[in-house]
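Asks: Sharing a structure below in structure tokens format, with a few things to ask.
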Amino acid sequence: MSERGKIVKTRREWEAQLTPIQFYILREAGTEMAFTGPHLNEKRVGVYRCAGCGAPLFASGTKFESGTGWPSFYAPIGAESVSERKEGWLPRRTEVRCATCEGHLGHVFKDGPKPTGLRYCMNGYALEFEAAG
């Protein structure tokens, strides 16, 4: 079902589509353990897409080695590709979700490299990589 370009599914539909770890991360806002998810060492040129809906989220050219154990990027593909919201944790964190299916991706922090100074710290299981060419 689509609502203004959004993908809306029932819990049962998401469970049937996603692996258990993808469901835990994308639909229940879970987090994989550091250094255990896919894409951490991916170096090829391509696009990282939402594992839930396939929406393009990050270009490989914005990926950098953060040393945190999760794939990190300094900017999304476009401002409309992700949504952000403040969490009530102390210190406050900003959650990042896929703007298309509202799947939880990770968090954004203000300790990244130039040009943005941001670190989009994403769960590898929330992403699928599509190599260029």
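Read-outs: derived from the displayed coordinates by stated rules, not from any lab. No experiment lies behind these values; they were computed from the predicted model shown. Glycine also receives a Cβ, built like all others from the backbone with ideal geometry; neighbour counts cover every protein chain displayed.
Asks: Using alpha-carbon pairs under 8 Å, 6+ residues apart, how would you state the relative contact order of region 1-79 in percent?
Replies: 21 percent
Asks: Could you line up Val8, Val82 from fewest to most neighbouring Cβ atoms inside 10 Å?
Replies: Val8, Val82
Asks: Looking at region 6-96, which chymotrypsin sites (Phe, Trp or Tyr not before Pro) are DSSP coil and have at most 15 other C-beta atoms within 10 Å of their C-beta?
Replies: Phe35, Trp89
Asks: Apply the a/c threshold of 1.5 to the C-alpha gyration tensor of region 34-105 and tell me whether it is rounded, prolate or oblate.
Replies: oblate
Asks: How many lysine pairs are close in the chain, with Cα atoms under 16 Å apart and the two 8 or more places apart or on different chains?
Replies: Here the count comes out as 4.
Asks: Ratio of alpha-carbon Rg to the 2.2 N^0.38 Å globular estimate for region 2-131, to two decimals, please.
Replies: Working it through for region 2-131, the quotient is 0.99.
Asks: Per residue of region 128-133, in order, report the coupling 6.51 cos²θ - 1.76 cosθ + 1.60 (Karplus, θ = phi - 60°) as ³J(HN,Hα) in whole Hz, putting x for Gly and Pro.
Replies: Karplus values, whole Hz, x for Gly and Pro: 10, 9, 10, 5, 6, x.
Asks: For each of Cys53, Cys121, count neighbouring Cβ atoms within 10 Å of the residue's Cβ, then give the residues from fewest to most.
Replies: Cys53, Cys121
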